[in-house]
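For reference, the structure discussed in these notes is given below.
The values are calculated or read from the model by the stated rules, or taken from the named source; none is laboratory data. Keep in mind the model is a prediction, meaning the values are calculated, not measured. No Cβ is skipped: glycine too gets one built from the backbone with ideal geometry, and neighbour counts run over all protein chains shown. Remember, those area values only see protein heavy atoms, side chains included, never the ligands or the DNA or RNA. Shrake-Rupley method; radii C 1.70, N 1.55, O 1.52, S 1.80 Å.
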Amino acid sequence: MSEPRPVPHSSIPTELGARLPRRIAHALRTPLGLVAAALHELDPSAGDDPLLGLGHRGVRQLGHLADRLGLLGRLMEEADEGARGSVELAATLRQAVDDVAAIRPRRRVETTVDVGPALWVRGDAGRLRAALLELLDNATRFARRSVGVSLREEGEHAVVEIRDDGPGPSASPETPAGGGLGIGLVLARAIWAGHGGTLELGIAEDGGTLAVLVLPLRHD
């Protein structure tokens with residue numbers, strides 16, 4: 001009996017590769033809905049049960065994974081550029097911080113936010129928020145005790161810095177510290193580049209990871 005031969009990468013249709021993340025995201029929604037419904041039907045008096053809380057947290061994290069896969073698919077397909085308009089970056093950053101607190105609560109990690117005055121940029125608020133969420137989520141995952149977030153104006157640009165006191169960036173800039181798929185970094189870089197900005201990773205003063213995001217300001 002002959003051994004099965006692997007399918008050459010070139011035989012996979014390009015259009016299927018571009019649509020695959022969105023299809024996976026769509027497929028995740030049904031089992032996620034079933035689990036969420038089952039958790040909702042459990043005894044309400046057990047709301048403080050740690051296992052029940054763990055289940056709800058898992059549903060939120062899987063929902064976030066489905067969201068990011070769907071967005072990655074849209075970016076790969078270049079189906080649209082998003083709704084571009086004026087975005088107040090300080091408010092968007094605060095919203096992303098709140099999102100991470102809901103998705104990945106870590107009682108021992110303190111997040112400090114220093115955003116200063118309102119700064120306006122041109123772009124899609126949802127996508128910018130998604131990019132910030134990915135970097136903040138990564139920082140929260142690997143931080144030991146603290147995450148720092150700041151926003152300032154430098155000339156004609158807005159500069160966002162996200163730093164943590166974790167183990168620091170890995171040797172490969174494409175792989176988050178501690179391994180993983182790196183979907184968040186790919187997403188954040190693609191979104192920021194699509195808005196005419198840059199994203200660089202470096203080492204923070206305390207040895208953790210420092211992400212620096214630069215975006216042109218909108219003055220009109």
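Taken per residue, the accessible surface of region 87-217 reaches 47 Å², heavy atoms only and a 1.4 Å probe.
Backbone N atoms of region 99-128 closer than 13 Å to the 7 Å Cα→Cβ label point of Arg57 belong to residues 101-109.
Estimated at 0.36 nm per residue, the fully extended path between Ser150 and Glu88 surpasses their Cα-Cα distance by 20.9 nm.
Label-to-label distance, Asp114 versus Ala27, with points set 7 angstrom from Cα along the beta-carbon direction: 4.6 nm. The HN-Hα couplings worked out from phi for region 132-149 by the Karplus form 6.51 cos²θ - 1.76 cosθ + 1.60 (θ = phi - 60°) are 5, 4, 4, 5, 5, 5, 5, 4, 5, 4, 9, 5, 7, 9, 9, 10, x, 10 Hz, whole numbers, x standing for Gly and Pro. Let a ≥ b ≥ c be the square roots of the eigenvalues of the Cα gyration tensor of region 100-143; is it rounded (a/c under 1.5), or, if not, prolate (a/b larger than b/c) or oblate? Oblate.
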